[in-house]
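Engineer: The structure follows.
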Amino acid sequence: MAEVHGMHTLFGMNPLWLATGIFVATYAIIISERVNRAIVALLGGGMMILCGILTQEAAISGIDFNTLGLLIGMMVIVAVTKKSGVFQFVAIWIAKKVKARPIGILLMMSLVTAVFSALLDNVTTVLLLTPVMLLIAEELRIKSYPYLFAIIIMSNVGGTATLIGDPPNIMIGSAAGLSFNDFLLNLAPITPLIGVVMLLPIWWIWRKDMVASATDRARVMNFNELEAITDWKLLKQALLVFSLVITGFMLHSIMHLQPATVAMFGAAMLLLLENFGSNPDLQGKRVHHALSEVEWVTLFFFIGLFIAVHGIEQAGLIDAMAHGLLELTQGDLTTTALSILWGSAVASAVVDNIPFVATMIPLIKSMAPALGGAHAIEPLWWALALGACLGGNGTLVGASANLVVAGIAENAGAPIRFARFLKIAFPLMLLSIAIAHVYLYLRYLA
Amino acid sequence: MTISKVINTSYPTLKDSDLISDATRLLLEHKHSALPVVDEHGRYLGIFSTHRMFSLLLPRAVLIEGGVSDLAFVSGPMKMLVDKMLEHGGRRIDEVLVTDTPVVHPDTPLLEAVLLLYRNGNDIPVVDREDGRYLGMIAGTELLAHVYEESRTHG
């Protein structure tokens, strides 16, 4: 992999040390959170080119456009769909289904969060569900904290289940050539169990707070969920496109299509349906709105990271790290997989899991020959996915969705504090990793 | 042309220790959309308004950024509103004071006041530039009436 010979680095410095320096500095500044992470990643990626580690062509070849396309496509689909009011509808509908009983709401809200997070990205899911949950808690005069806590935990558990559920999975699937169905068959089976095990302590700890009077419950029962749907036509169009996209994901490996193609095509189709026959002015406004809802900051963060990671890959650092890790685990697949699981979990709880996974992907790839080839190392990808996604539950900064919920809660006057969250969430996260450990061991390694 | 001609000094003022229920009654008796709150030295502290009152009556989940975007699905909300009114009635004004609305000074140009009224919606307090003393209010209706009268005489 390392093409050190062709490099013309700045002042003729050793490319390995130079690239490592840039990479470590980039990582450190991202962790410090002193500068917006997208700026840091773009500067880090840029430095790799300016210092001669990468040419611009090489840098661009390091960007995983499949990951970016899949994210953008799904973001556009959600941006259009949410205008229909369907997410409010579902939240109110389930609250009424359980007769507005607080414990029932905990259960159903957890289920809905997990399912939505599996099919959409976690940040979007919690952005849509948290405000409605706050409203319901306010009307029931119950503490919103346990519910927001459950939304955070379940969004990360649900996101673990599918290829499109969480950015680490998108990156892993894209880089390792694992399909939507591969994720469904290998990760989805274990997530319901993890979800249930996470819910029990949440219920136990806060069960005394989960009581609402009949009058307060009657207020929620008076909600008319059908009124929450603001645009039936758009809802139907969105459901049609969404089911086609999910079908497309399930068939993508058979049809030899990349997930990004499916998602982007779905986004374009939904925009077409929404705008067909409208006047050009309105079309322009709607398309502008849908595309501006794409989280460009996150995407540019990805772009910068991909380049920076490609830089250390080209300079030979990834190979050296892979070699080191293999020496530690003595080339044993079981030890390697379980180390990756626990290591990713703790790392993802402390730092953003996106840069961590971006670094781990080439590292795992370069360990493949020593461990018996691409097929043999598949358990390592599942270990990385489980560790990185579930690890996000460990702290309030472990995943973007956690911070989004905390931000909304803070605005609503019910703040979620770092230490208070950590005290319950970190042990829960370790528990979920222990379950994943047993699952990985029994299914792939025993 | 400044705002000095359209300053209204007849608005009742509120004290920071007044209760929300009393302030609301005063607001309604005088049929204003906003009343100024002043301290014991007559210095301007902030505004209490119908707009602020509505924000107290609404669930917090709709007021926050990115919150619930409409409430069409909530039926029969009168009891909810009454409950909220009673719940907040006993709180002091200084707990809910709005301090970030614009203020004008006696020498503020008239056009600037029109712009602020357009942006703010509510009546705007006039405050002494030097010592922050409350001097009066600019009422949207009165300013509009002033311009209307001018247009009749000059038009």
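Read the figures in this text as sums done on the coordinates, not as results from a lab. Note that the structure is a prediction, hence the values are computed from the model and not measured. All Cβ positions, even for glycine, are placed from backbone atoms using ideal geometry, and neighbour counts span all protein chains on display.
Engineer: Among A:P201, A:P259, A:P355, determine the one that fluctuates most according to a GNM of chain A built with springs between C-alpha atoms less than 10 Å apart.
Structural biologist: A:P201
Engineer: Something else: Among rounded, prolate and oblate, which fits the range A:146-259 when a ≥ b ≥ c are the square roots of the eigenvalues of its C-alpha gyration tensor, a/c under 1.5 means rounded, and a/b larger than b/c means prolate? Numbers along the way, then the final one.
Structural biologist: On the way: a/c = 3.66, a/b = 1.44, b/c = 2.54.
Oblate.
Engineer: Rounded to the nearest whole Å³, what is the per residue volume of the convex hull around the Cα atoms of the range A:237-368?
Structural biologist: On the way: hull volume 21.6 nm³, N = 132.
Hull volume normalised by residue count: 163 Å³.
Engineer: Further, regarding this structure: Considering only B:T108, B:S10, B:L27, whose Cα is most displaced toward the positive end of the charge dipole of chain B, charges sitting on Cβ of Lys, Arg (+1) and Asp, Glu (-1)?
Structural biologist: B:L27
Engineer: Still on this structure, please answer the following. Cα gyration tensor of the range A:1-76, axes a ≥ b ≥ c as square roots of the eigenvalues: rounded (a/c below 1.5), prolate (a/b > b/c) or oblate? The partial results should precede the final answer.
Structural biologist: On the way: a/c = 2.84, a/b = 1.39, b/c = 2.04.
Taking the square roots of the gyration eigenvalues as a ≥ b ≥ c, the range A:1-76 is oblate.
Engineer: Any idea what % of Cα-Cα pairs in the protein assembly as shown are farther than 38 Å?
Structural biologist: Details: 80551 of 180300 pairs.
Considering the protein assembly as shown, 45 percent of its Cα-Cα pairs are separated by more than 38 Å.
Engineer: Given Cβ point charges of +1 (Lys, Arg) and -1 (Asp, Glu) and nothing else, what value in debye, to the nearest 20, does the dipole of chain B about its Cα centre take? Before the final figure, lay out each step's value.
Structural biologist: Details: 15 positive and 22 negative charges, 82 e Å.
Computed about the Cα centre, the dipole is about 400 debye.
Engineer: Another question, then. Given springs between every Cα pair under 10 Å in a Gaussian network model of chain A, which of A:V112, A:V346, A:V196 has the largest fluctuation?
Structural biologist: A:V196
Engineer: Just counting partner chain Cβ atoms within 10 Å, what average do the residues of peptide B:55-67 show around their Cβ?
Structural biologist: Counting other chains' Cβ atoms within 10 Å and averaging over B:55-67 gives 5.
Engineer: Sticking with this one: Could you list which residues have their amide H under 5 Å from that of B:G46, counting only those 5 or more apart in sequence or on another chain, with H placed in the peptide plane?
Structural biologist: Long-range HN contacts for B:G46: B:V37.
Engineer: Given the range A:24-125, report the % of alpha carbon pairs whose separation exceeds 18 Å. Before the final figure, lay out each step's value.
Structural biologist: Details: 3439 of 5151 pairs.
Tail of the P(r) past 18 Å holds 67 percent of the pairs.
Engineer: With charges only on Cβ, +1 for K and R and -1 for D and E, what is the dipole size of the protein assembly as shown about its Cα centre, in debye, rounded to 20? Walk me through the numbers on the way to the answer.
Structural biologist: Details: 38 positive and 47 negative charges, 337 e Å.
Approximately 1620 debye in magnitude.
Engineer: Normalising by the residue count of chain A, find the relative contact order in percent from Cα pairs under 8 Å and 6+ residues apart.
Structural biologist: Values: 651 pairs, mean separation 107.6, N = 446.
After rounding, I find 24 percent.
Engineer: How would the range A:200-247 be classified by its alpha-carbon gyration tensor: rounded, prolate or oblate, with rounded meaning a/c under 1.5 and the a/b versus b/c comparison settling the rest? Show your work: numbers first, answer last.
Structural biologist: Numbers: a/c = 7.13, a/b = 1.71, b/c = 4.18.
Taking the square roots of the gyration eigenvalues as a ≥ b ≥ c, the range A:200-247 is oblate.
Engineer: When only alpha-carbon atoms count, how far does the range A:217-285 stretch along each of its three principal axes, as whole angstroms with the largest first?
Structural biologist: Projected onto the principal axes, the Cα atoms of the range A:217-285 cover 52, 35, 14 Å.
Engineer: Using only C-alpha positions, report the orientation-averaged shadow area of the convex hull of the range A:89-226, nm², one decimal. All intermediate terms of the calculation are to be shown ahead of the outcome.
Structural biologist: On the way: hull surface 32.3 nm².
Over every viewing direction, the Cα hull of the range A:89-226 projects on average to 8.1 nm².
Engineer: Would you mind working out the magnitude of the charge dipole of the range A:135-242 relative to its Cα centre, with +1 at each Lys and Arg C-beta and -1 at each Asp and Glu C-beta, to the nearest 20 Debye? Walk me through the numbers before you get to the answer.
Structural biologist: Working: 8 positive and 9 negative charges, 53 e Å.
Using Cβ point charges on Lys, Arg, Asp and Glu, the range A:135-242 gives about 260 debye.
Engineer: Next question. Provide the packing ranking of A:411-420, A:239-248, A:165-174, i.e. peptides ordered by the mean count of other C-beta atoms within 10 Å per residue, highest first. Mind showing how you got there, number by number?
Structural biologist: On the way: A:411-420: 14.4, A:239-248: 16.3, A:165-174: 27.4.
The peptides rank, most packed first, as A:165-174, A:239-248, A:411-420.
Engineer: When Cβ neighbours within 10 Å are restricted to other protein chains, what is their mean count per residue of peptide A:250-257? If you can, show how the numbers build up before the last one.
Structural biologist: On the way: counts 0, 0, 0, 0, 0, 0, 0, 0.
For peptide A:250-257, the averaged partner shielding equals 0.
Engineer: In a Gaussian network model over chain B where Cα atoms closer than 10 Å are linked, find which of B:D16, B:D123, B:D70 has the largest mean-square fluctuation.
Structural biologist: B:D70
Engineer: Further question: Once Lys and Arg get +1 and Asp and Glu get -1 on their Cβ, which of A:I151, A:F11, A:V404 lies farthest toward the positive end of the dipole of the protein assembly as shown?
Structural biologist: Going by the Cα projections, it comes out as A:I151.
Engineer: Counting only other chains, and only Cβ atoms inside 10 Å, what mean value do you get across the residues of B:78-87? Working shown, then result.
Structural biologist: On the way: counts 0, 4, 4, 0, 0, 3, 0, 0, 0, 0.
The per-residue average across the peptide is 1.
Engineer: Okay, next question. Under a straight-distance cross-link criterion of Cα-Cα below 14 Å, which aspartates and glutamates are reachable from A:K208, leaving out those fewer than 8 residues away in the same chain?
Structural biologist: none
Engineer: Still on this model: How far apart, in nm, are two points set 7 Å out from the Cα along the Cα-to-Cβ line at A:Y444 and at A:W204?
Structural biologist: Result for the modelled spin labels: 3.0 nm.
Engineer: At A:L244 and B:Y118, where each label point lies 7 Å from the Cα along Cα→Cβ, what is the point-to-point distance in nanometres?
Structural biologist: Between A:L244 and B:Y118, the simple spin-label model gives 4.5 nm.
Engineer: On a 27 Å Cα-Cα criterion, which of the cross-link pairs A:K97/A:K236; A:K143/B:K84; B:K5/B:K31; A:K143/B:K31; A:K96/A:K233; A:K96/A:K285 come out too long? Don't skip to the end; give the middle numbers.
Structural biologist: Details: A:K97/A:K236 23 Å; A:K143/B:K84 17 Å; B:K5/B:K31 22 Å; A:K143/B:K31 38 Å; A:K96/A:K233 24 Å; A:K96/A:K285 36 Å.
With Cα atoms farther than 27 Å apart: A:K143/B:K31; A:K96/A:K285.
Engineer: How much of the pair distance distribution for chain B lies past 20 Å, counting alpha-carbon pairs only, in percent?
Structural biologist: Values: 6556 of 11935 pairs.
Value for chain B (Cα pairs over 20 Å): 55 percent.
Engineer: Sort A:314-327, B:92-105 for me by packing, meaning the mean count of neighbouring Cβ atoms within 10 Å per residue, highest on top. Please report the intermediate quantities before stating the final value.
Structural biologist: Numbers: A:314-327: 18.8, B:92-105: 15.6.
Sorting A:314-327, B:92-105 by mean packing, highest first, produces A:314-327, B:92-105.
Engineer: OK, next. Could you work out, for the range A:297-356, what percent of all Cα-Cα pairs fall into each 10 Å distance bin, beginning at 0 Å and stopping at the bin that holds the largest distance?
Structural biologist: Taking all Cα pairs of the range A:297-356, the binned fractions are 20, 38, 36, 5, 0 percent.
Engineer: For the range A:312-446, what value does the Rg/Rh ratio take when both radii are computed over Cα atoms and Rh is the Kirkwood radius, given to two decimals?
Structural biologist: Numbers: Rg = 16.6 Å, Rh = 15.7 Å.
Ratio of gyration radius to Kirkwood radius: 1.06.
Engineer: Okay, next question. Along the charge dipole of chain A, Cβ charges K/R +1 and D/E -1, which of A:Y439, A:I72, A:W204 sits furthest on the positive end?
Structural biologist: A:W204
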